[in-house]
Amino acid sequence: MTVTKEEPEIAVNGALPVVTAVGIEEKADEKVSSAAGGGNQGPPIPAGHARFYCNKCRAPYDLPDGATTWRCAGCHTFNSTTPDECCTIL
C-alpha cells in the first residue's frame, strides 16, 4: 500500500470519555463488629469464626478462631488479620 500525503500514517481516534467511579455511602450500624471494623453485612457468621475482608478487593472471609492469614480467592492477595504485618511466602 502506498501512503500519500493525504492519508495519515497512523490513524488518530478521538479522545476517550473519562469515567469516574462513584462511591456508595454505607449506613453506619449501631452494632459494630470488632473483627471486621464494620457492620454485620452478608450471611451470618458461623460459630467459632470471625469475619474479615480482603485488603485489596474487600471480599468477606469468615475465618475460624486462631486463623491469622489467608489468600483471597478472587484477587489472590495474601491477607493478615494483624495490621501492618508483612507476609512472606517461602
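The values are calculated or read from the model by the stated rules, or taken from the named source; none is laboratory data. Note that the structure is predicted; figures quoted are calculated from it, not measured. Cβ: placed from backbone, ideal geometry, glycine included. Neighbour counts: every protein chain shown.
Being more than 15 Å from the chain's Cα centre (by Cα) and either at pLDDT 90 or above or not in a loop (DSSP other than H, G, I, E, B) (or both) is a condition met by no residue of the stretch 20-27.
When restricted to residues that are modelled with pLDDT under 90 and of a type in the set (Gly, Ala, Ser), the stretch 51-66 contains 1. Number of residues in the stretch 42-68 that are buried (at least 16 other Cβ atoms within 10 Å of the Cβ) and part of a loop (DSSP other than H, G, I, E, B): the value is 2.
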